[in-house]
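Below you'll find the structure, written out as structure tokens, and then a few comments.
The values are calculated or read from the model by the stated rules, or taken from the named source; none is laboratory data. Bear in mind that the values here come from a model prediction, so they are computed numbers and not experimental data. Here the Cβ is made from the backbone with ideal geometry for all residues, glycine too, and neighbour counts use every protein chain on show. Accessible surface areas use protein heavy atoms only, side chains included; no ligands, DNA or RNA. Shrake-Rupley method; radii C 1.70, N 1.55, O 1.52, S 1.80 Å.
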Amino acid sequence: MPQQIPVFIINLERSAERRKKIEKQFSAIGLNYELHKAFDGRELDWKSLPNYAHSYRQKEFGRDMTPNEIGCYLSHFTLFERILNEGLEMALIIEDDVNITEELPIVLENIKNVKTPWDMIRLASSRDRKFEILEQVTDITNLVKLKGNACGAVGYILNQSGAKKLHSYCKTIIHPVDIAMDRVWENKLQIRAVFPFPILHDDNVQSDIRSDSPPIQDPKKVIHKLRRKRRKIVDGINKRLWELKND
């Protein structure tokens with residue numbers, strides 16, 4: 001029997017109900033996994049983090065990332081490090097607020113055989129996207145290239161190349177981790193996806209990742225709206241140039 005790709009489930013120590021639910025799902029489909037202790041934003045002294053771009057966030061966005069966003073970021077980043085340090089060929093990183101389909105085991109078994117170059121393979125998305133089929137993975141799923149960002153970081157496979165690129169790019173904390181992943185014109189990731197997605201976000205579970213976001217201060221609100229528009233235009237141009245270069 002082929003060796004299973006390592007599976008890391010990110011879970012807060014205090015989130016016992018989520019842990020119980022995701023463990024039950026993995027037991028039902030017969031997959032091994034390891035719980036990865038998430039960084040708890042409530043306990044983080046985030047202002048003292050030397051690699052957090054506090055001044056840049058204040059200047060460009062008018063607000064800091066929330067403690068929960070930073071905790072989520074660090075939880076994923078430490079897994080990038082682990083893939084590199086342990087020399088793992090690839091690994092599935094998954095958050096605990098998801099529903100797993102029965103197709104996941106065969107997807108993990110067959111993903112090692114895909115011919116298309118990749119750094120990251122998304123197994124979930126918070127938005128519907130058009131896509132281009134690249135090759136077949138299972139009887140009912142294909143490896144695809146999404147037209148647009150997958151959005152979210154609830155489930156993805158990362159190989160050595162992808163871990164190296166993300167580890168390098170994410171050393172300075174500027175954006176929430178899912179946004180940092182999607183900035184391919186900067187991080188140089190080759191992102192693919194498996195569709196239909198074998199991992200689905202559980203809409204019945206309320207995320208607290210962005211629920212404590214502080215408001216933009218009123219005196220600078222107009223300035224930051226203008227900066228946001230500028231960033232959107234510049235990012236859009238850079239992203240399109242990347243897509244043209246890599247099509």
Rounded to the nearest 0.05, FRET efficiency between Arg228 and Glu43 (Cβ-Cβ, R0 25 Å) equals 0.20
Give me, ordered by chain and number, the residues 5 or more places off Gly155 or on other chains with an amide H under 5 Å from its own placed amide H.
Glu95, Leu123, Ala124
For Ala53 and Trp242, what does the FRET efficiency come to when R0 = 25 Å and r is the distance between their Cβ atoms, rounded to the nearest 0.05?
0.65
Need one word for region 67-123: rounded, prolate or oblate. Basis is the Cα gyration tensor (sqrt eigenvalues a ≥ b ≥ c); a/c below 1.5 gives rounded, then a/b vs b/c decides.
oblate
For region 115-160, what class follows from the C-alpha gyration tensor (a ≥ b ≥ c being the square roots of its eigenvalues): rounded when a/c is under 1.5, otherwise prolate if a/b is larger than b/c, else oblate?
oblate
Carbon plus sulfur fraction of accessible area for region 1-112, probe 1.4 Å, in percent:
48
Going by amide H atoms built from the backbone, whose H comes under 5 Å of the H on Gln4, apart from near neighbours?
none
For the chain, built as a Gaussian network whose Cα springs stay under 10 Å, the top-fluctuating residue of Asp64, Asp128, Asp139
Asp139
Quick one: the Cα spread of region 50-153 along its three principal axes, in angstroms, biggest first?
49, 35, 27
Report, in debye and to the nearest 20, how large the dipole of the chain comes out about its Cα centre when Lys and Arg carry +1 and Asp and Glu carry -1 on their Cβ.
1480
Folded to 0 to 90 degrees: helix 221-246 orientation relative to the chain principal axis, Cα:
40
Just tell me which aspartates and glutamates come within less than 16 Å, Cα to Cα, of Lys37; anything on the same chain fewer than 8 places away is out.
Glu13, Glu17, Glu23, Glu69, Glu81, Glu95, Asp96, Asp97
Near Lys188, which lysines are there with a Cα under 25 Å away, not counting those fewer than 8 places off in the same chain?
Lys112, Lys115, Lys130, Lys145, Lys147, Lys164, Lys165, Lys171, Lys229, Lys232, Lys239, Lys245
At 1.4 Å probe size, with every protein chain present, just tell me what the per residue accessible area of region 51-185 comes to in Å².
40
Relative to the longest principal axis of the C-alpha atoms of the chain, give the angle of the C-alpha long axis of helix 16-29, reported between 0 and 90° and rounded to the nearest 10°.
30
Just the accessible area for Trp185, please: 1.4 Å probe, Å², rounded to the nearest 10?
40
Express in Å², to the nearest 10, the accessible area of Phe131 obtained by rolling a 1.4 Å probe over the protein heavy atoms while all chains stay in place.
80
Can you give me the distance in nm between label points at Ile106 and Lys188, each placed 7 Å from the Cα along the Cα-to-Cβ direction?
3.7
Kirkwood Rh over alpha-carbon pairs of the chain, then Stokes-Einstein at 10 °C and 1.306 mPa s: what D in µm² s⁻¹, rounded to an integer?
84
